[in-house]
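Please read the structure below before turning to the comments.
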Amino acid sequence: SVGIINYNRLFYLKSCAESLIQSIEDYDGEVELICIDDNSKEPGTKEYLQTLTDRGWTVINQEDEREKQKKEIGEIKDVIDEFSAALNIFYKKSSGTILAPLQGDSQFVRKNWLQDYVELFSQRDDVFTVTFDAQRMARLKNAHFINHTKHGNNIFAVSPSRIISGAGDCFYKREYLDAIGGWYVDESINAADLFTATA
């Protein structure tokens, strides 16, 4: 399942969605495509979201989800990270065993990559998350990687200096997200303190 989180960034949304569609045309498995939009007001967004729906995407309005939650529990906390909340909507609404939430400003320039990522997850039980290689070239050039493994045309490696990416733009195994319960949405708690307390 691949999900794009969007709010009033039509140019980026189009670039991300269209390049994603083209880059996975060769994939022979099933791919679920989802867009979580937070009731964008930017002209043209609703029309573009309709074109995605017409092409088989699931488009979810985050404002509608907030209203449903208000009816279920009677209130919504004042202090909430809406991006994390959108990630949780994607996590709960998607059906895939591997999830790839995107921040929406990514652009896919390579083809023939998705099969390699899926195979890595199916063959390695010790992998929870894999970031996309579309990182800044300067970061890649200066990074130190260990435990290289090749799958198809891609080389995967561990970056010991980086913690697990929590903001999307990478793949996650659903079973591990199930174990940790998704993303934390309460901004009133310092994430570093939460990590220290639970580590």
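No value in this document is a laboratory result; all are computed from the given coordinates. Bear in mind that the values here come from a model prediction, so they are computed numbers and not experimental data. A quick note on method: Cβ atoms are made from the backbone with ideal geometry, for glycine too, and the neighbour counts reach across all protein chains shown.
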Residues in the range 5-43 that a label on Lys111 would reach, taking backbone N under 11 Å of a point 7 Å out along Cα→Cβ: 22-27
Filter on Lys46/Lys111; Lys68/Lys92; Lys41/Lys92; Lys68/Lys93; Lys14/Lys173 - keep pairs with C-alpha separation over 18 Å: Lys46/Lys111; Lys41/Lys92; Lys14/Lys173
With unit charges on the beta carbon (Lys/Arg positive, Asp/Glu negative), name the residue among Gly96, Gln69, Cys35 whose Cα is farthest towards the positive pole of the charge dipole of the range 1-134. Gln69
Using the Cα centre of the range 91-135 as the reference point, and only Cβ charges (+1 on K/R, -1 on D/E), how large is the resulting charge dipole? Debye, rounded to the nearest 20. 240 debye
How much length is gained if the chain between Tyr176 and Glu30 is pulled fully straight, taking 0.36 nm per residue apart and subtracting their Cα-Cα distance, in nm to one decimal? 50.5 nm
Net charge, Asp26 excluded, C-beta distance under 12 Å - Lys, Arg +1, Asp, Glu -1: -1
Spacing of the two label points (7 Å from each Cα toward its C-beta) at Tyr184 and Glu18, in nm: 4.0 nm
Under a crude label model (7 Å from the Cα following the beta-carbon direction), how far is Glu47 from Lys93 in nanometres? 2.3 nm
Please find the FRET efficiency linking Glu119 to His144, where r is the Cβ-Cβ separation and R0 is fixed at 25 Å, and quote it to the nearest 0.05. 0.50
Scaled by the rule-of-thumb 2.2 N^0.38 Å, the alpha carbon Rg for the range 13-125 gives a ratio of 1.19
